[in-house]
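A quick write-up on the structure given underneath.
Readers should treat all values here as calculations from the given coordinates under stated rules, not as data from a laboratory. In this text the structure is predicted, and so the values were computed from the model without any measurement. Glycine also receives a Cβ, built like all others from the backbone with ideal geometry; neighbour counts cover every protein chain displayed.
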Amino acid sequence: MTALLIGGTPGTGKTEIASLIAKNLDAQLISVSDIVEKYGCIEEHDSDRATDVINEDCFVDAIIDTLDEMKGKIVIEGHYIDLVPREHVSDVFILRTHPAILKIRLIERGYPAEKIQENVEAEVIGVCQMDALDSFGEEIVKEIDTSELSPMDAVDAVLRLIGSRDGICTRIDWMDSLEETGQLDEFLSN
């Protein structure tokens with residue numbers, strides 16, 4: 001069983017866009033956070049960062065068990081998609097959002113200042129992008145800039161790129177573009 005993965009920094013639109021993609025493809029939707037909770041893969045709660053720390057081995061075993069039980073098309077969304085074993089993956093989409101827009105979205109969600117800064121920095125650096133590329137390679141990892149896209153426009157972009165292996169997707173480099181405009185220091189802490 002292979003799955004289409006939707007990942008990205010919190011606030012980039014993963015949950016809503018993955019849900020719409022699953023409906024469009026008549027696929028089953030799996031949320032990484034649901035699997036983590038269902039299988040008891042939370043190792044501890046980091047109250048300083050307002051986040052749970054997962055046991056990665058537990059998650060890998062849980063996602064393999066889940067995929068082995070499923071039939072048909074599958075969409076997996078969430079953080080930690082880079083831990084899904086490669087043999088179970090057909091396409092990977094990393095949703096990206098300009099750091100200024102992402103910061104506003106996270107403030108609107110009521111995230112603590114430290115968590116906002118951590119996630120904005122992760123987006124600037126491209127942590128989700130790098131993790132996905134390390135796990136799955138250039139050929140199947142595609143990026144979608146959701147900064148100015150409606151959820152349906154983002155879905156259309158994903159649907160156009162499913163299965164493509166011709167390198168038409170460009171890499172998003174916020175560090176470079178922010179440095180060019182002199183804004184990089186606004187989004188990185190000392």
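Considering the stretch 16-44, and only residues there that are of a type in the set (S, T, N, Q) and either within 16 Å of Phe59 (Cβ to Cβ) or surrounded by 15 or more Cβ atoms within 10 Å (Cβ to Cβ) (or both), the residue that is farthest from the chain's Cα centre (by Cα) turns out to be Gln28.
Checking Asp82, Asp65, Asp48 one by one, the residue that is of a type outside the set (Val, Ile, Thr), touching a residue at least 40 places away in the same chain (Cβ under 8 Å) and surrounded by fewer than 14 Cβ atoms within 10 Å (Cβ to Cβ) is Asp48 and no other. Scanning the stretch 32-45 for residues that are in contact with an Asp or Glu (Cβ under 6 Å, 6 or more places away or on another chain) and in contact (Cβ under 8 Å) with a residue 12 or more places away in the chain gives a single hit, Ile42. Within the stretch 126-152, the set of residues being among the charged types (D, E, K, R), surrounded by 13 or more Cβ atoms within 10 Å (Cβ to Cβ), within 16 Å of Thr97 (Cβ to Cβ) and out of contact with any Cys (no Cβ under 9 Å at 6 or more places or on another chain) comprises just one member, Asp145. Taking the stretch 1-112 and the strands (runs of 3 or more DSSP E) fully enclosed by it, the elements with 3 or more residues that are in contact with a helix residue (DSSP H, G or I) (Cβ under 9 Å, 6 or more places away or on another chain) are at 3-8, 28-31, 51-54, 74-77, 89-96.
Using the structure shown, decide if Arg96 is of a type in the set (D, E, K, R) and touching a Cys at 6+ places or on another chain (Cβ under 9 Å). So Arg96 passes the test.
For the stretch 1-14, the set of residues classified as surrounded by 15 or more Cβ atoms within 10 Å (Cβ to Cβ) and among the hydroxyl-bearing types (Ser, Thr, Tyr) consists of Thr9, Thr12, listed by residue number.
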